[in-house]
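A short worksheet on the structure shown next.
Every read-out reported here was derived from the displayed coordinates using simple, explicitly stated rules and does not represent laboratory data. The structure displayed is predicted, hence computed values, not measured ones. Glycine gets a Cβ as well: all are built from the backbone with ideal geometry, and neighbour counts include every protein chain shown.
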Amino acid sequence: MSKKLSQAGTLSLLCGFIAAAIIQPFTPAIVMAQNPSMSSYFTSQQIDTYDPSGTTKSNCAPGDPGAGGDVPSGASNAERVFKFLVAQGLTANQAAGVVGNMMQESGGGTFNLDPAITNPSSGAYGIVQWYAERKTALINYATSVGKPVYDVDMQINFLWKELTTSYKTSVLDPIRATKDLREPTLIWLERFEIPCLPGSCGGEMTIRMPMAQKAYDAFSGMAPSTGVGPEGCSSTGAQVDISGYAFPVGIPKDQLFNWCKWPIQTSAPYCHHDNTPAIDISIKGNQQNAIGKPVYAIYNGKIDRLNLNYNGSGCQAFQLVGDDGWWYWYGHIRSSVKDGQTVKAGEQVGTIGESVCSAPSTSAPPHLHIDRGYPKGHYGGEVGFRDPAFLELINKLYDGLKN
């Protein structure tokens, strides 16, 4: 039931050019779009209109709930979307199923997704062919963030905002539960793009499945080797980057404090008080305000050598044995993790503790101490065995943060 575009009459075509010029110079193209004749189905499924008041609480920090953040670079817009979705927690199969649909919607079957493409019949617009109220919401969102409506980074972030609000229950959650490539491709087709009624989309699937497979074959090697969790988090945590790492503290970027400056110096003399390549992270101004701020797993791994009473303070410290082979030491925190517990990158593993947690110097400002052992495989936390390259990783993660 895919709707084919037809030549418009002279008056309709003129109107189409005028309307398109408001957004972006018009380029005629054959694109798929939600079928306006199915409005009763959209309404019954609560998927026709974007609800700007809909919110889904997210503990990804720092940042706007539901906002995906910076879009990774790539050789094509399809590659960039794939990397972005993986960074938000989708598997390679799930991301490829979405991208395969988008290739049909705005790429003409290629990876060149066109953020300025317009359906001259329905007026649907952009990389997923936003239509009617959703198109209006896209335009309003672009205005609110100061971007042109054809900006692909803006469209990708708006798409994620839709998926974590109005489309979370009907699209995002079901896609997250899928295991193979066909399932997410079909869900996206029948519940998000909807050029055909669910149950009658066999013809469309014969077109879109090869595109999804093409995306998977081209991009799956770019997915992190370890998984991340829902909405760009793992469990209740922070945004995870495309390499699978997460900044270890949930404090807005412009409020992060390390007693020196950002980026942290990566060679001696080091910022840390004992001149070793470790870092203490707190909050600007009154460091007492750092108490209770979330502490996150920097990478997938397992908790080891949990100390429930660090230096007699009643606070906790532990090693995070990363799946990357490195041991990360976390200190001066409050935590309820268990020895041997498996955690995901970005998962909350504690909070910054009070000054007493910095024992024996119980007057020290509240902060997280984190370092990783050197050489690779040596436990963290020991002076003289701390990895200088760890500070380069911290700087990279800091650079990727958004306020």
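Starting from the Cα of residue 302, step 7 Å along the direction of its Cβ; do the same at residue 176; then give the gap between the two resulting points in nm.
It works out to 2.6 nm between the two label points.
At 7 Å along Cα-to-Cβ for each site, give me the label-to-label distance between residue 273 and residue 110 in nm.
Going from the residue 273 label point to the residue 110 one covers 6.0 nm.
Given points 7 Å out from each Cα along the Cα-Cβ axis, report the residue 153 to residue 265 separation in nanometres with one decimal.
In this crude spin-label approximation the distance works out to 3.1 nm.
Within 12 Å, Cβ to Cβ, of residue 186, how many net charges do the neighbouring residues add up to if Lys/Arg are +1 and Asp/Glu are -1?
On the way: positive: 182, 191, 208; negative: 180, 183, 190, 193, 204.
After counting each charged neighbour, the total is -2.
What FRET efficiency, computed as 1/(1 + (r/R0)^6) with R0 = 56 Å and r the Cβ-Cβ distance, is obtained for residue 73 and residue 363, rounded to the nearest 0.05? Working shown, then result.
Working: r = 45 Å, r/R0 = 0.81.
Computed FRET efficiency for residue 73 and residue 363 comes out at 0.80.
From a point 7 Å beyond the Cα of residue 213 in the direction of its Cβ, which residues of the stretch 164-190 have a backbone N at a distance under 19 Å?
Counting only backbone N, you get 179-189.
Quick one: Cα centre-to-centre distance for the stretch 164-212 and the stretch 331-403, in angstrom?
40 Å
Rounded, prolate or oblate: which one fits the stretch 253-399, using the alpha carbon gyration tensor with axes a ≥ b ≥ c (rounded when a/c is under 1.5, else prolate when a/b beats b/c, else oblate)?
Here the stretch 253-399 falls in the rounded category.
Which pairs, out of 293/396; 179/214; 147/284; 161/396, put more than 23 Å between their alpha-carbon atoms?
With Cα atoms farther than 23 Å apart: 147/284; 161/396.
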